[in-house]
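Undergrad: Have a look at this one.
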Amino acid sequence: MGYKELAPENLYHKCDPVQFSFETTAELEDSAQFLGQPRAVEALKFGIDIEREGYNVFALGYAGTGKHYLVSQFLEKRAESEKVPDDYCYVNNFDEPRKPRILCLLGGKGKEFSQDIEKLVEEARNALKAAFENEEYQNRRQAIGQQLQDRQQNAFEELNNKGRERNLTILRTPTGLVFAPTREENVIPPDEFNKLPEEERKRFEHDVEELQQEAQRMFQKTPSWERETRQKLLDLNQEVTSFAVGYLLAELRKKYEDKPDVVDHLKVMEKDIIENVQALLAPEREQEQKVAGAPGASDQLMESPALRRYAVNVVVDHSELKGAPVIYEDNPTYQNLVGRIEHLAHMGTLLTDFNMIRAGALHRANGGYLILDVLKVLTQPFAWEGLKRALRSRQVKVETLGEAYGLISTVSLEPQPIPLNVKVTLLGPPLVYYLLRYHDPEFAELFKVAADFDVEMHRTPENEVSYGQLIGAIARQEQLRPFDRGGVARVIEHSARTVGDGERLSVHMQSLADLLREADYWAGQSGNGAVTSADVQRAIDAWIYRSDRMRERICEEIERGTILIDTGGEKVGQVNGLSVIQLGEYAFGRPSRITARIRLGKGEVVDIEREVEMGGPIHSKGVLILAGFLGARYATDQPLSLSASLVFEQSYSGVEGDSASSAELYALLSATAEVPIRQSLAVTGSVNQHGQVQPIGGVNEKIEGFFDICKARGLTGEQGVLIPASNVKHLMLRKDVIQAVEDGRFHIYPVETIDEGIEILTGVTAGKPDDEGKYPSESVNGRVYARLVELAEKRQKFGAITAAEKRGQS
Amino acid sequence: MTEAEREVTIRRILVALDASSHSLAALETATWLASRLKAELIGLFVEDIDLLRVAEFPFTRQVGLFSSTFQRLDLLELERQLRAQANQIRQALTAIAERAQVPWRFRVARGSVASEVLAAGAKADLTIVGKRGRSLSLGKRVGSTARMVMFEGQGLTLVLQQREVLTAPVMVVYDPSPAAENALEAALNLANAINGHLSVLVIADDEHSLQKAQADVAERLKRKKQTADVHLLMKPTVSGLTYVLKAKGLLVLPCSEGLLHGEKLCELVNVVRNPVLLVRGEHPLKLWF
């Protein structure tokens, strides 16, 4: 019987280097397009362009697909032509120092403003020092002091004179003063006083009382004189201060006259300077209050608390920026996102002020773009909530976690929030995107745009040229040797092999870049100036060698007979199935013996893997489907009277997937019909209830897995693999397999139905039903049918005996 | 200068103390001098007998300086307050003197303030008084105690103003009087001690005396190998002196006769704002620091 088998040219989709017009990739220019991600690029463009609330972007794709690179490149290019956003500065709120105010200046002007203020304070100090040391000020101050002294002196002199006129003198007590009678300027002793005439004594008493009253009136006036003096001094200080610094502030107000909030701040600052001029002049006296190590706008302003109050904390400085900011926050903790307020420990307490406010990534990206890794955000406590809160409220509020969640009520700073205008792009795997969409209602409101990154793209001649450009671009970026066209072709072929599809190319940038680097290494080892096809192949082979220890071990155990696999002869109820083992990035195929046994029963097909909970649900589904096929084809006129059991022999680690369901069915049919199956063949393919063989994954690895075993034992020319016909387009087999097929020493059979497959495996016709639905007796189907009839009759007979026995017993 | 050459002639320094802040400044100065001269420091607090007498009058009431209320002046209470003041002063003296490691004594006397200070000063080599004490008068006029010590005191008297300590420069007035050489000697040594500049104002009533005095000063400076600014003033008056003298720095005056004696000296001390060291006596005075 001749069976349709694949020709060598069907086994590999070659990339012909001749199609390329270049010798090496050094001749190629970087492509302006982002290869293989048209959907994602379109989404990104839309998400960035639309200026509506909630249209932030989630770039979803598997790791290594180049999301970060593409997004960064896209945004940076876009940002180049956009305007530099405003700078933001925190300044002291003189009325409520706990609530620092924000000033907004043109991008790049924040630093300049800070320097202007620093200069102003320095000049103001110098001007004030000069003004207060000035002779005119000193004289006026002294005059005011003297005026008080004179007033007090005059009052006291008047009191003294009155006393003297009345022969009284004033004496100081520890707490006040008293009047004492005198004679010839000496105090009269009490015993002598008592000897004076009564009239004189009375007069003394009267005069003392009068002068005491007058002294009291004088002392009562003293506080108001002193208050008046203080006010005069204050007015003098204010006048002098205003004159000394007024013109400095006026100059600055004129410079920033287009910024009303800056002008307001300068006015308030001027008022504060006037009221606190003494503190401003004497920062040296506050050395013991110096906040050691305090960072800030300038060391000078930071040294003294009196000067710190006038400093400008430039939290967002765009002086070096050209265009909008594109920020990637690599460690998106809550504080790194929304900013933080630092504290300094000083003498057992924690001190802070507006100078200690630090910007977060949201501040730095404000007016531009922020890129975040979603897994990193989600794994940082409260970072996700903080980000959402900022995006929802459209402002960035710097507050500690304790304050944000009401955990502490210690008085700290409440800086004025900054208006937020930023586009956030999250990078993450598809699973996270869909989980967030399902579980977090706010996510859908804030991240409306999904930029879906693919892992593969169509393999067309145009795309192959573009792929060459991409290889060239990566080689330049990584400072690798250029790739010659043979090398480019080999990379393209390997890319197709990586996605397991001859008609597709992988756009997994990380693995592509790895291959290029490793090929470059081998080119270097060979002393090549450009990377050739042989260098690429060597890189591939070396990588496989590094990865396939387990495959080698399994092959060894099969060769040694520890794992029982037949590659010749024939057996009833036994077939070589094929599976793929994935270890990290490396996958390889291995044959497994599948056996089927039948007995009299009630139609159940027992999947032993499932019974011991080593079979996954998809595998179990596959078994149930083949049972459905069995019943539909052979048990429409009679009950299915067999009990069958299927197992993967020597499998101790679990089985999943339905790619072996056709192999299981073949084994079952063989066992039922008692027709042996050729053990020189292996089978892969899933089956549906209609007996159609469906495509599976990993077809290349599976074929190569069986080929390696056959090759190790010596190819007989009889060996081969049955694969679903719909998998032919996925074939990108190794050269040695293709060569063996070309030499007729190995065969690949594409199969569309179970009947086709059973014929190849048994060498017996499957058999077609006649008009009455009967199959030819010598066909496989006929033999299966006959066996099932036999079993049905036995069961019926057995059932009658059992019923009679039961009747007999009762 | 070796230890052997140090000859201390100021052995006892008396400082009259009340509870005012001027007193504390005076105490600081006195301690500094005692430390440099290796002298004993004697603090004197006088319980004013007149005050105690006044307390016996039934009609006297004290007017509180800050409360401006009347309080009956009770003798026992007054004595208690005076004891408290004395304790306060003693504590201040103890702290300052022990920090400077100078020997000290503290005395409380009862009597007329001026008389007691004068009497105690007779046993001291240097008497330090404040210009006004606790007088309510804010003017520049010298108080009664300082006045009496200036008139009748012996040895050296230092009259301190306000709250200052001895500062540079040092200015000395040199007149053709017996005390002038001692004054110049004291000024030279004090200028050295406080690393200050020395100015000498030579005064005389006639040209000849002026020149002779100038020559004496030059000779003395040469012998001491020291420099000073020397100014001349003929027919000096109090106003003339105050015009020439700087407002800051220590003023050293010989006060045995002529312009720098009696009421005129008092008038001068009234006007200037400097601390004033009055030097009396013609016996050689050696002040080694």
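The values are calculated or read from the model by the stated rules, or taken from the named source; none is laboratory data. The shown structure was predicted, so the numbers you read here are calculated from the model rather than taken from an experiment. Here the Cβ is made from the backbone with ideal geometry for all residues, glycine too, and neighbour counts use every protein chain on show.
Undergrad: Checking B:Ala39 against (1) touching a helix residue (DSSP H, G or I) at 6+ places or on another chain (Cβ under 8 Å); (2) within 12 Å of another protein chain (Cβ to nearest Cβ): exactly one of these is not met. Which one?
TA: (2) is the only condition that B:Ala39 fails.
Undergrad: Listed residues A:Gln146, A:Gln153; which is modelled with pLDDT under 90 and either crowded, with 19+ Cβ neighbours inside 10 Å or more than 8 Å from chain B (Cβ to nearest Cβ) (or both)?
TA: Every option except A:Gln146 fails the conditions.
Undergrad: Can you tell me how many residues in the stretch A:299-325 are among the hydrophobic types (A, V, I, L, M, F, W, C), in contact with an Asp or Glu (Cβ under 9 Å, 6 or more places away or on another chain) and modelled with pLDDT under 75?
TA: 2
Undergrad: Got a sec? Which of A:Leu722, A:Leu788 is within 25 Å of A:Tyr3 (Cβ to Cβ), buried (at least 23 other Cβ atoms within 10 Å of the Cβ), in the same structural domain as A:Val687 (by TED's automatic domain parsing) and in contact (Cβ under 8 Å) with a residue 40 or more places away in the chain?
TA: A:Leu722
Undergrad: What number goes with the only condition from (1) within 25 Å of B:Leu33 (Cβ to Cβ); (2) at pLDDT 85 or above that B:Ser256 does not pass?
TA: (2)
Undergrad: Taking the stated definitions as given, is A:Glu112 farther than 26 Å from A:Ala250 by Cα and within 39 Å of the chain's Cα centre (by Cα)?
TA: No; evaluated as a whole, the condition is false for this residue.
Undergrad: Let me ask you something else. Residue by residue through the stretch A:160-204, note down the ones that are under 21 Å from A:Phe219 (Cβ atoms), more than 9 Å from chain B (Cβ to nearest Cβ) and surrounded by 15 or more Cβ atoms within 10 Å (Cβ to Cβ).
TA: Of everything in the stretch A:160-204, those that are under 21 Å from A:Phe219 (Cβ atoms), more than 9 Å from chain B (Cβ to nearest Cβ) and surrounded by 15 or more Cβ atoms within 10 Å (Cβ to Cβ) turn out to be A:Lys162, A:Gly163, A:Arg166, A:Leu168.
Undergrad: Take the stretch A:625-636 and flag every residue that is in a helix (DSSP H, G or I) and exposed (fewer than 15 other Cβ atoms within 10 Å of the Cβ).
TA: Selection gives A:Ala632 alone.
Undergrad: Let me ask something else. Which of the residues that make up the stretch A:86-106 are in a loop (DSSP other than H, G, I, E, B) and surrounded by fewer than 22 Cβ atoms within 10 Å (Cβ to Cβ)?
TA: A:Asp86, A:Asn93, A:Phe94, A:Asp95, A:Glu96, A:Pro97, A:Arg98, A:Lys99, A:Leu106, listed by residue number.
Undergrad: Which residues, counting only those in the stretch A:473-490, are part of a helix (DSSP H, G or I) and of a type in the set (A, V, I, L, M, F, W, C)?
TA: Passing the criteria: A:Ala473, A:Ile474, A:Ala475, A:Val488, A:Ala489.
Undergrad: Name the residues in the stretch A:695-719 that are of a type in the set (S, T, N, Q) and crowded, with 18+ Cβ neighbours inside 10 Å, would you?
TA: A:Asn700, A:Gln719
Undergrad: Out of curiosity, is A:Ala667 over 47 Å from the mean Cα position of the chain (by Cα) and farther than 11 Å from A:Gln574 by Cβ?
TA: Spelling it out, it is not the case that A:Ala667 is over 47 Å from the mean Cα position of the chain (by Cα) and farther than 11 Å from A:Gln574 by Cβ.
Undergrad: Which of (1) modelled with pLDDT under 90; (2) buried (at least 18 other Cβ atoms within 10 Å of the Cβ) is the odd one out, the single condition B:Val217 does not satisfy?
TA: It fails just one condition, (1).
Undergrad: Could you check the stretch A:737-755 and list, in sequence order, the residues that are in contact with a Phe, Trp or Tyr (Cβ under 8 Å, 6 or more places away or on another chain) and without any contact (Cβ under 8 Å) to a residue 40 or more places away in the chain?
TA: A:Ala740, A:Phe746
Undergrad: Another one. I'd like the residue in the stretch A:671-712 that is among the aliphatic types (A, V, I, L, M) and in a strand (DSSP E or B) and, out of all such residues, is nearest to A:Val784 (Cα to Cα).
TA: A:Ile677
Undergrad: So if I check each of B:Thr60, B:Thr127, which one is within 14 Å of chain A (Cβ to nearest Cβ), of a type in the set (Ser, Thr, Tyr) and crowded, with 19+ Cβ neighbours inside 10 Å?
TA: Answer to the selection: B:Thr60.
Undergrad: Taking the condition of being hydrophobic (A, V, I, L, M, F, W, C) and either within 14 Å of chain B (Cβ to nearest Cβ) or within 30 Å of A:Cys89 (Cα to Cα) (or both), how many residues in the stretch A:115-143 meet it?
TA: So the answer is 6.
Let's see how each residue does on (1) touching a strand residue (DSSP E or B) at 6+ places or on another chain (Cβ under 9 Å); (2) at pLDDT below 85:
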{"site": "A:Ser620", "(1), (2)": "yes, yes"}
{"site": "A:Val623", "(1), (2)": "yes, yes"}
{"site": "A:Ser641", "(1), (2)": "yes, yes"}
{"site": "A:Gln679", "(1), (2)": "yes, no"}
{"site": "A:Phe707", "(1), (2)": "yes, no"}
{"site": "A:Lys711", "(1), (2)": "no, no"}
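Undergrad: Would you pick out the residues in the stretch A:419-465 that are of a type in the set (Gly, Ala, Ser) and without any contact (Cβ under 8 Å) to a residue 60 or more places away in the chain?
TA: Scanning the stretch A:419-465 gives a single hit, A:Ala444.
Undergrad: Take the conditions among the hydrophobic types (A, V, I, L, M, F, W, C), over 60 Å from the mean Cα position of the chain (by Cα) and in a helix (DSSP H, G or I) and apply them to A:Leu159. Does it pass?
TA: So A:Leu159 passes the test.
Undergrad: Against the definition (over 42 Å from the mean Cα position of the chain (by Cα), under 24 Å from A:Val764 (Cβ atoms), surrounded by 20 or more Cβ atoms within 10 Å (Cβ to Cβ) and not aromatic (Phe, Trp, Tyr)), how does A:Leu578 come out, yes or no?
TA: Judged against the criteria, A:Leu578 is not a match.
Undergrad: Pick out the one residue from A:Ile709, A:Ile677 that is under 46 Å from the mean Cα position of the chain (by Cα) and in the same structural domain as A:Ala596 (by TED's automatic domain parsing).
TA: One residue alone meets the criteria, A:Ile709.
Undergrad: Scan the stretch A:762-803 for residues that are more than 20 Å from A:Leu642 (Cβ to Cβ), at pLDDT 85 or above and assigned to a helix (DSSP H, G or I) and report the count.
TA: Residues that pass the stated criteria total 0.
A quick yes/no check of all residues on (1) buried (at least 19 other Cβ atoms within 10 Å of the Cβ); (2) more than 25 Å from B:Met148 (Cβ to Cβ); (3) within 8 Å of another protein chain (Cβ to nearest Cβ):
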{"site": "B:Leu17", "(1), (2), (3)": "yes, no, no"}
{"site": "B:Ser20", "(1), (2), (3)": "no, no, no"}
{"site": "B:Trp32", "(1), (2), (3)": "no, yes, no"}
{"site": "B:Asp48", "(1), (2), (3)": "yes, no, yes"}
{"site": "B:Gln71", "(1), (2), (3)": "no, yes, yes"}
{"site": "B:Arg80", "(1), (2), (3)": "no, yes, no"}
{"site": "B:Glu98", "(1), (2), (3)": "no, yes, no"}
{"site": "B:Ser112", "(1), (2), (3)": "yes, no, no"}
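Undergrad: Show me the strands (runs of 3 or more DSSP E) entirely contained within the stretch A:408-472 in which 3 or more residues are within 20 Å of the chain's Cα centre (by Cα).
TA: By residue number, A:423-428, A:449-452.
Undergrad: May I pose another question? Can you tell me which residue in the stretch A:214-262 is nearest to the other protein chains (Cβ to nearest Cβ), limited to those that are under 17 Å from A:Arg151 (Cβ atoms) and among the aromatic types (Phe, Trp, Tyr)?
TA: Checking each candidate, the answer is A:Phe219.
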